Every structure is written in structure tokens, then in C-alpha cells.
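The values are calculated or read from the model by the stated rules, or taken from the named source; none is laboratory data. These numbers were taken from a predicted model, which means no experiment stands behind them. As a convention, Cβ positions derive from the backbone with ideal geometry for all residues, glycine included, and neighbour counts pool all protein chains shown. We work out accessible area using only protein heavy atoms, side chains counted, and drop any ligands, DNA or RNA first. Shrake-Rupley method; radii C 1.70, N 1.55, O 1.52, S 1.80 Å.
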Amino acid sequence: RQGSCMGRARLVSPYKSIKHGYACVDSGATHHMSNGEATDFMSYKTLPKGSHVLVADNHPIECLGIGTQFLRIHDRIIGRQQVLHVPALKAPLISVRQHRRNQGCSFVADNNGCYLTFPTFSITVDDSTDCLLAYKIVNPKGFDISTCDYLQNEANQIKTLALTETRRLEEKQNSRSP
């Protein structure tokens, strides 16, 4: 039986080929998403079996968990919280929707180029094909969070996403029981 839908990824499907080591800045993604391993996360909560996200062609793919992850992009370390773990994606997604809701952050696309802006710096996005950024996962083991150039404010995120979706799934299952 299908579980809770945790979010949507509009730009990337599991069939689209994206060069390894690139993340996609996705204006249709409801949440930041990672296709890596659970060990790529500093904190991690497993989601209920059947949790999924809907991708570009509107089919569900499994979402295993949610947590905090750090990426190195253009010599900057970016901390992302409430990142969905979706191993079947071809690339990690940086949600424009989530990013721009953080104080001092935006996504700018004009005749001069594409940029992810942060309160004290900006990062150029390669939009020659899709909106792609070269990245590396920062190993969370022993990572000193004070070295982070930007840490997404969890207060701006859906703090209780996993708990809310778990309750919704339980309520749905209970309402179907005789």
C-alpha cells in the first residue's frame, strides 16, 4: 500500500541523466532532496515505509528519511536542514522554494546569469543545460558546524514534517479500519 507523499520534484526524474557530482537547482521541488546515503546526513530520521515523493513524470519514488546535510559548493559549505533522502533521484535537488524562504536568500535568473544568493555571498549557477551546481558532500563525522558558511534556519522549514506525515498516514489507515 502506498504511504505518504513527502514532496514533489518537478525537474528531475530517475530517468534523466545528470553528470555525477552535480546538484540541480529545482524551482518545482517542494523540499531539498538528496540521492546519497543515510551516512551523508549529520542527523537523520527514518520515515515510515511507503513514504515517497512524486517526480516530474508524476510517479512515486521511495523517500527513506529526512535530515541535515552539508554540501561544499564553490568553496562554500552550505548546511541544509529537513532534506529528504530519495536514493532513486539521479542528482540532489536544491529547492528554490525552500531556499528563498530563508532570510536574505533568493534565486536570481536574468540576462546576466543565474545565482543562488545567501545573506553574505552568492553562488553562480550553470544554466547552460539545466540549473546545475558542482558539489561535494561534507562528511558529517567530526564536522565542526562553526566552519559552515551558511546554515539554513530550521525555523523557516517544516520542523515536524516527518511527524506530521506519520500521523497523517496513521489517521488514514485508522479511518479505513472497520
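The H on the amide N of Cys63, modeled in the peptide plane, is under 5 Å from the matching H of Ser51, His52, Val53, each at least 5 residues off or on a different chain. Solvent-accessible area of Val138, all protein chains in place: 20 Å² (probe radius 1.4 Å, heavy atoms, ligands and nucleic acids excluded). Net charge of the neighbourhood of Ile78, taken over other residues with C-beta under 13 Å away and scored Lys/Arg +1, Asp/Glu -1, is +2. Computed from backbone phi, the HN-Hα couplings of the stretch 69-80 come to 9, 10, 10, 9, 10, 6, 6, 10, 9, 10, x, 10 Hz, rounded to whole numbers (Karplus: 6.51 cos²θ - 1.76 cosθ + 1.60, θ = phi - 60°; Gly and Pro given as x). Across Lys90, Lys141, the residue with the most accessible area heads the list, and the full order at a 1.4 Å probe is Lys141, Lys90. Along the stretch 81-86 the Karplus relation, 6.51 cos²θ - 1.76 cosθ + 1.60 evaluated at θ = phi - 60°, assigns HN-Hα couplings of 10, 6, 7, 7, 9, 10 Hz to successive residues, with x for each Gly and Pro.
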